[in-house]
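Taking it in order: structure first as structure tokens, then the write-up.
The values are calculated or read from the model by the stated rules, or taken from the named source; none is laboratory data. Computed from a predicted model, the values in this text were never measured in an experiment. Here the Cβ positions follow ideal geometry from the backbone for every residue, glycine too, while neighbour counts run over all protein chains shown.
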Amino acid sequence: MPSTRKAYRAALLHSLADPAEVGIEASYEYFPDGLLLVENGRISALGAASDLLPSLPADVEVIHHVDALITPGFIDTHIHLPQTGMVGAYGEQLLDWLNTYTFPCESQFANRAHAEEVADIFIKELLRNGTTTALVFGSVHPQSVDAFFEAAEKLDLRMIAGKVMMDRNAPDYLTDTAESGYLESKALIERWHGKGRLHYAVTPRFAPTSTPEQLTLAGQLLGEYPDLYMQTHISENLQEVQWVKELFPERKGYLDVYDHYQLLGERSVFAHGVHLCDDECARLAQTGSAVAFCPTSNFFLGSGLFNLPMAEKHKLNVGVGTDVGGGTSFSILQTLNEAYKVMQLQGARLSPFKSLYLATLGGARALRLEERIGSLQPGSDADFLVLDYHATPLLSYRLKQARNIAETLFVLMTLGDDRTVKQTYAAGNLVHQR
Ligand code: GUN
Ligand code: ZN
């Protein structure tokens, strides 16, 4: 294989650590005029253009983006493929929303052609928004996950997904059984887990829609293969929390249900966690589990405000999730815009560098993939973005008033969206160009 080397010149910014742990200044690295060198799908160097250009071999093409910022690709730690067609469904909170809108929409994925059509739209939408890695719920149908992985594999994307397991409290047309859910998940794991940059996540929807038998088998699956992920929902909505208490009276609380069935661990990601208590945060942190903070969804479904300071107190791994279709945007920039407001409503702040961390390195740590993605460190996969300072007239005008990278970053997160993403690269390949 001939080596493919390219260099990208622009402002460069990436996270080095969690600002909550090291302070803001030590949490990032910024080169106002930087150079990113990419070789064979990996980042091989980054630094100031003035330092790197003189020693760059003459045959390396340099692509120069003026008034642009290169960042790592964004990581969406919670999203639903089969809800692409129901973003913005009116009027309900979680449990009625599921019954009224979600389940009928997901039922269409019994049809393989439909699954393929939506997988294509979904992946294009992720890339248009700068999301290069996502932790994805399929529907109950294994073909939803096959369609997604086939499309992701063609572009050599780093993606994680799983078929929903749900064997009760949902319409008959949308349930599996404890046994079929186990066997179908196993077949998908055999087909996809570890293939290229793809990973499998065991996906019990949430405690109310799985019998104890199904949760037992989900825990068993996690023990059968190395490095499997587990994704589910937790403590999103007060009615839901109450329902779980009624369904599992013998357990101490919602998290204890998952704990009992051995679903906590270093590759377990729990979406929402709006109503978690202090002890539950401590237990999540102790087991190395992570939470996906989903602000647009939590506002849209009226679920509540995620307590990020409490998670920080426990050093709990947190990433951000769009939770499309409960969430209202595929844009991680817009998700960070709403995350800021969640903190404002709790009398707290969300610095732009913490937001950058959550969307990149923090998400990678939540997924235990920080050696591969989430930063521009040499050796990482070349999954990165070119953000355009002139994406819209207002952004262009507003950024002229920004005095430093902190202000620039915050304005990108406040005014930015898919239009801001000029290019998206995955494994060094251009996979989206605005
Ligand atoms: N809880 C169980 N299923 C879902 C879902 O599809 N979306 C959200 N937001 N919460 C859930
Ligand atoms: Zn969800």
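Assorted remarks:
- Of everything listed in (1) within 25 Å of the chain's Cα centre (by Cα); (2) surrounded by fewer than 16 Cβ atoms within 10 Å (Cβ to Cβ); (3) within 15 Å of Leu387 (Cβ to Cβ), the single unmet condition for Pro32 is (1).
- Filter result for Ala68 (surrounded by 15 or more Cβ atoms within 10 Å (Cβ to Cβ) and out of contact with any helix residue (DSSP H, G or I) (no Cβ under 7 Å at 6 or more places or on another chain)): yes
- Tallying residues that are more than 21 Å from Ala170 (Cα to Cα), in a strand (DSSP E or B) and polar (S, T, N, Q) within region 196-240 yields 0.
- Pairing each residue of region 181-210 that is away from ligand 1 (no atom under 16 Å from the Cβ) with any residue that is of a type in the set (Ser, Thr, Tyr) and assigned to a loop (DSSP other than H, G, I, E, B), provided the two are 6+ apart or on different chains, yields C-beta distances under 7 Å for Ile189/Tyr225; His193/Tyr225.
- Qualifying residue in region 385-400 (condition: part of a helix (DSSP H, G or I), away from ligand 2 (no atom under 16 Å from the Cβ) and closer than 27 Å to Arg158 by Cβ): no
- Assessment of region 312-323 against the conditions (of a type in the set (A, V, I, L, M, F, W, C), under 20 Å from Phe353 (Cβ atoms), out of contact with any His (no Cβ under 9 Å at 6 or more places or on another chain) and more than 15 Å from ligand 2 (Cβ to nearest atom)) yields at least one matching residue.
Results for (1) part of a helix (DSSP H, G or I); (2) buried (at least 23 other Cβ atoms within 10 Å of the Cβ); (3) at positive phi, shown as yes or no for each residue.
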position	(1), (2), (3)
Gln242	yes, no, no
Lys245	yes, no, no
Arg251	no, no, no
Phe270	no, yes, no
Arg283	yes, no, no
Val291	no, yes, no
Ser297	yes, yes, no
Leu305	no, no, no
Val318	no, yes, no
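- Among the residues of this structure, Glu106 counts as one that is surrounded by 23 or more Cβ atoms within 10 Å (Cβ to Cβ) and within 16 Å of ligand 2 (Cβ to nearest atom).
- Any chance Thr84 is at negative phi, surrounded by 22 or more Cβ atoms within 10 Å (Cβ to Cβ) and hydroxyl-bearing (Ser, Thr, Tyr): no
- Pairs where the first residue, in region 229-258, is touching a residue at least 12 places away in the same chain (Cβ under 8 Å) and the second is within 15 Å of ligand 2 (Cβ to nearest atom) and among the basic types (Lys, Arg), C-beta under 9 Å, 6+ apart: Thr232/Arg205; His233/Arg205
Listed here are the residues, each with its yes/no results for (1) part of a loop (DSSP other than H, G, I, E, B); (2) in contact with a strand residue (DSSP E or B) (Cβ under 8 Å, 6 or more places away or on another chain); (3) under 22 Å from Val136 (Cα atoms).
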position: Asp67; (1), (2), (3): no, yes, no
position: Ile70; (1), (2), (3): no, yes, no
position: Thr77; (1), (2), (3): no, yes, yes
position: Pro82; (1), (2), (3): no, yes, yes
position: Gly85; (1), (2), (3): no, no, yes
position: Tyr90; (1), (2), (3): yes, no, no
position: Leu95; (1), (2), (3): no, no, yes
position: Asn99; (1), (2), (3): no, no, yes
position: Phe103; (1), (2), (3): no, no, yes
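- Any hit, region 210-219, residues being closer than 21 Å to Gly138 by Cα, crowded, with 19+ Cβ neighbours inside 10 Å and within 17 Å of the chain's Cα centre (by Cα): no
- Check on Gly326, closer than 19 Å to Thr71 by Cα, buried (at least 24 other Cβ atoms within 10 Å of the Cβ) and within 16 Å of ligand 1 (Cβ to nearest atom): no
- Residue in region 165-188 that is under 20 Å from the mean Cα position of the chain (by Cα) and either at pLDDT below 95 or part of a loop (DSSP other than H, G, I, E, B) (or both) present: no
- Flag if Gln423 is touching a helix residue (DSSP H, G or I) at 6+ places or on another chain (Cβ under 8 Å) and modelled with pLDDT of 95 or more: no
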